[in-house]
Amino acid sequence: MTQTIQAIRGMHDILPERIALWQTLEDRARAVLEGYGYQEIRTPLVEMTDLFERSIGEVTDIVEKEMYSFADRNGDRLSLRPEGTASCVRAAVEHGLLATPHRLWYRGPMFRHERPQQGRYRQFHQIGVEVFGLPGPDIDQEVVLLTRRLWHTLGLGKLRLEINSLGESDERAVYRHELVSYLEGHRERLDEDSLRRLHSNPLRVLDSKNPDLEPVIAEAPRITDYLGEASREHFAGFRAGLDAAGIDYVINPRLVRGLDYYNRTVFEWITDALGTQGTVCAGGRYDTLVARLGGRPTPAVGFALGVERLVALLASAPPPVTPGPDAYLIAVGDGPRTQALSIAETLRDARPDLRLICHCGGGSFKSQFKKADRSGARYALVLGEDEAARGVVGVKPLRAQGEQTEVALDQLSDFFTARC
Ligand code: ATP
Ligand code: MG
């Protein structure tokens, strides 16, 4: 027997039985985002590897070991995008979107060669926003409010908001120095990863997921004690906005985020319901990235949410009822079979929102009728030789009591207007 081919490890099919949850999330997110005036942007899945190296940073998990990078047939160094921010910034610079403030959003697959486990995949999906040109804490607050609204529309309670400020790069430099001396003092308690990061990217030690490091990290100096006047004010403004909006949060001084480009505000929404992969949304301000990628200096803030993790949360709630089609058209006999598809087209012209399945593949009346019933349709539409000759269809309710009636073909759309 020919061997079957399977999907790549860590990359998943999303099957029809699960799709309702994805669509619910995507539809609600889009409605919320549009409600706040965000515009969708779509960028390629593949970019120059340089883009990610320069934006995400060379000494990050993503660039060091998670990117799907390859040389294409011309020898160009390309990578599958591991996240959306770099691409959005590139596109904004390339197309001159930075002259006025822009609120953008995107969705789509991202690729990271991580160890696959629950909530962590090699192809996963994000919905994210990027706002360009607004420097104040008000917009930081808006993106958090927007996510909170999304959780409410999805019926997700119990998400915890953690926030922190990373200050500006000069403030981080002083802090970094203090942190390194502190960690040097506890060298023997660090693991291999942290020792490696100690000089290349010491803030990332705070982000370690190794529980053995917790006591060392808990006692470490805190970035919030090293903020300058302007950063402190920005953070206070952000917090005051959250307080005024009645949003609960905790300040987590260890929240440093995995990417290099963040400054000032960072935040994560976390759930306890998904074990260790509990962060469902993460973001922050990145005021220097646009200039670093060759654009005019432009303040920016954004976030990305992990669709798979949110879908997993939605899956633990009662499943949304997926409505079946409004009608299933069955046709028996050669004449009716050739007519059926065009009758369906006429009906769709008149009622574009009608969900109508037209039976294909022939078969007896009985077998077609069974399929109509199994489809979950509200009505079976029956076209036999006799009906076709008289210009009518039989209409049989499938989800409620009721006899089969007849409706003239030219009355069919009115029939559904009255009922669907
Ligand atoms: P983590 O610390 O969990 O690795 P991260 O800091 O690498 O997360 P981000 O790059 O900030 O994650 O991505 C934003 C969100 O996208 C995460 O909070 C998470 O919900 C989701 N996400 C990130 N990586 C994966 C993955 N490999 N599989 C599934 N979802 C992911
Ligand atoms: Mg990661």
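Computed from the coordinates by the stated procedures, all read-outs in this text should not be read as laboratory data. Predicted model only: the values in this text are computed from it and were never measured. No Cβ is skipped: glycine too gets one built from the backbone with ideal geometry, and neighbour counts run over all protein chains shown.
Rounded to the nearest 20 Debye, what is the dipole magnitude of region 222-354 about its Cα centre when Lys and Arg each give +1 and Asp and Glu each give -1 at the C-beta?
The calculated dipole for region 222-354 is roughly 440 debye.
With a cap of 11 neighbouring Cβ atoms within 10 Å, and only residues DSSP puts in a loop, list the GluC sites (Glu not before Pro) found in region 359-420.
403
Starting from the coordinates of the alpha-carbon atoms of region 277-343, obtain the Kirkwood hydrodynamic radius over all distinct pairs and give the value in Å to one decimal.
17.7
Where the only charges are on Cβ atoms (+1 Lys, Arg; -1 Asp, Glu), what is the dipole of region 39-119 about its Cα centre, to the nearest 20 debye?
The calculated dipole for region 39-119 is roughly 260 debye.
Calculate, in nm to one decimal, what residue 18 and residue 149 gain on full extension: separation in residues at 0.36 nm each, minus their alpha carbon distance.
Full extension from residue 18 to residue 149 adds 44.8 nm.
DSSP beta bridges in region 312-420, what fraction antiparallel, as a percent rounded to 5?
Among the beta bridges of region 312-420, antiparallel pairing accounts for roughly 50 percent.
Cα-based Rg of region 49-190 per 2.2 N^0.38 Å, rounded to two decimals?
Relative to the rule-of-thumb radius for its length, region 49-190 sits at 1.29.
Need one word for region 324-420: rounded, prolate or oblate. Basis is the Cα gyration tensor (sqrt eigenvalues a ≥ b ≥ c); a/c below 1.5 gives rounded, then a/b vs b/c decides.
It is rounded, given that a/c, with a ≥ b ≥ c, falls under 1.5.
Taking the dipole about the Cα centre of region 138-219, with the C-beta of Lys and Arg at +1 and of Asp and Glu at -1, give me whichever of 216, 185, 147 is farthest to the positive side.
147
Please report the net charge: other residues with Cβ closer than 12 Å to the Cβ of residue 53, K and R +1, D and E -1.
Cβ neighbours under 12 Å give a net charge of -2.
With springs connecting C-alpha atoms under 10 Å apart, model the chain as a Gaussian network and identify which of 204, 196, 254 has the largest mean-square fluctuation.
So, out of 204, 196, 254, the one fluctuating most is 196.
Select from 358, 281, 344 the residue farthest towards the positive end of the dipole of region 280-420; place +1 on Cβ of Lys and Arg, -1 on Cβ of Asp and Glu, and compute about the Cα centre.
Of the options given, the answer is 281.
What residues have an amide H closer than 5 Å to that of residue 263, excluding those fewer than 5 places away on the same chain, when H is modeled at 1.01 Å from N in the peptide plane?
285, 286, 287
When each pair of different Cα atoms in region 245-375 is counted once in the 1/r mean, what is the Kirkwood radius in angstroms, to one decimal?
About 20.4 Å, per the Kirkwood formula over Cα pairs.
Taking the beta-carbon count within 10 Å as an exposure proxy, list 360, 281, 420 from fewest neighbours to most.
Going from sparsest to densest Cβ surroundings: 360, 420, 281.
With a/c under 1.5 counting as rounded, go ahead and sort region 27-124 into rounded, prolate or oblate using the C-alpha gyration tensor (a ≥ b ≥ c being the square roots of the eigenvalues; past the cut-off, prolate if a/b is larger than b/c, else oblate).
Oblate, since a/c reaches 1.5 and b/c is not below a/b.
Between region 24-74 and region 232-302, what's the alpha-carbon centroid distance in Å?
17
Label-point separation (nm) for residue 58 and residue 219, each offset 7 Å from Cα along Cα-to-Cβ?
Inter-label distance under the simple model: 3.4 nm.
Give a residue-ordered list of calculated ³J(HN,Hα) values for region 243-249 (Karplus: 6.51 cos²θ - 1.76 cosθ + 1.60, θ = phi - 60°; whole Hz; x for Gly, Pro).
With the stated coefficients, region 243-249 comes to 4, 4, 8, x, 9, 7, 8 Hz.
On a 0 to 90 degree scale, rounded to 10, what angle separates helix 169-185 from the longest Cα axis of the chain?
Taking the Cα atoms of the chain, the angle to 169-185 is about 70 degrees.
Taking 7 Å along the Cα-to-C-beta vector as the label spot, tell me the residue 118-residue 229 distance in nanometres, rounded to one decimal.
According to this spin-label approximation, the distance is 5.1 nm.
With each pseudo-label sitting 7 Å past Cα toward Cβ, what's the residue 5-residue 247 distance in nm, one decimal?
Placing both labels 7 Å along Cα→Cβ, they lie 4.5 nm apart.
Gap in Å between the Cα centre of region 357-379 and the Cα centre of region 162-206?
Between the Cα centres of region 162-206 and region 357-379 lies a distance of 65 Å.
Among the lysines, which fall within straight-line cross-link reach of residue 366, defined as a Cα-Cα distance under 17 Å, with same-chain neighbours fewer than 8 residues apart omitted?
396
Between rounded, prolate and oblate, where does region 152-248 land on the alpha carbon gyration tensor, with a ≥ b ≥ c its root eigenvalues, rounded for a/c under 1.5, else prolate if a/b exceeds b/c?
Oblate.
Could you work out the local net charge near residue 225, counting Lys and Arg as +1, Asp and Glu as -1, over the other residues with Cβ closer than 11 Å to its Cβ?
That sum, taken over residues with Cβ under 11 Å, equals 0.
For the chain, what mean projected area does the convex hull of the alpha carbons give, in nm²?
28.1
Counting other beta carbons within 10 Å of each Cβ, put 343, 223 in order, fewest first.
The fewest-first ordering by Cβ neighbours comes to 343, 223.
Using only DSSP helix segments of four residues or longer, with each worth -39500 (n - 2.57), what per-residue ellipticity at 222 nm results for the chain after dividing by its residue count and rounding to 500?
Calculated at 222 nm, the ellipticity per residue is -11500 deg cm²/dmol.
Put +1 on the Cβ of each Lys and Arg and -1 on the Cβ of each Asp and Glu in the chain; which of 236, 21, 304 then has its Cα farthest toward the positive end of the dipole?
21
Taking the highest mean first, how do the peptides 298-305, 352-359, 65-72, 103-110 order by number of other beta carbon atoms within 10 angstrom per residue?
Going by the mean number of other Cβ atoms within 10 Å, highest first, we get 298-305, 103-110, 352-359, 65-72.
So what are the ³J(HN,Hα) numbers for region 376-384, from phi and the Karplus equation (6.51, -1.76, 1.60; θ = phi - 60°), rounded to whole Hz, Gly and Pro as x?
x, 5, 6, 10, 9, 9, 10, 10, x
In the P(r) worked out for region 1-68, what percent of Cα pairs fall beyond 16 Å?
Cα-Cα pairs in region 1-68 separated by more than 16 Å: 72 percent.
Between residue 187 and residue 95, 0.36 nm times their residue separation minus their Cα-Cα distance comes to what?
28.3 nm
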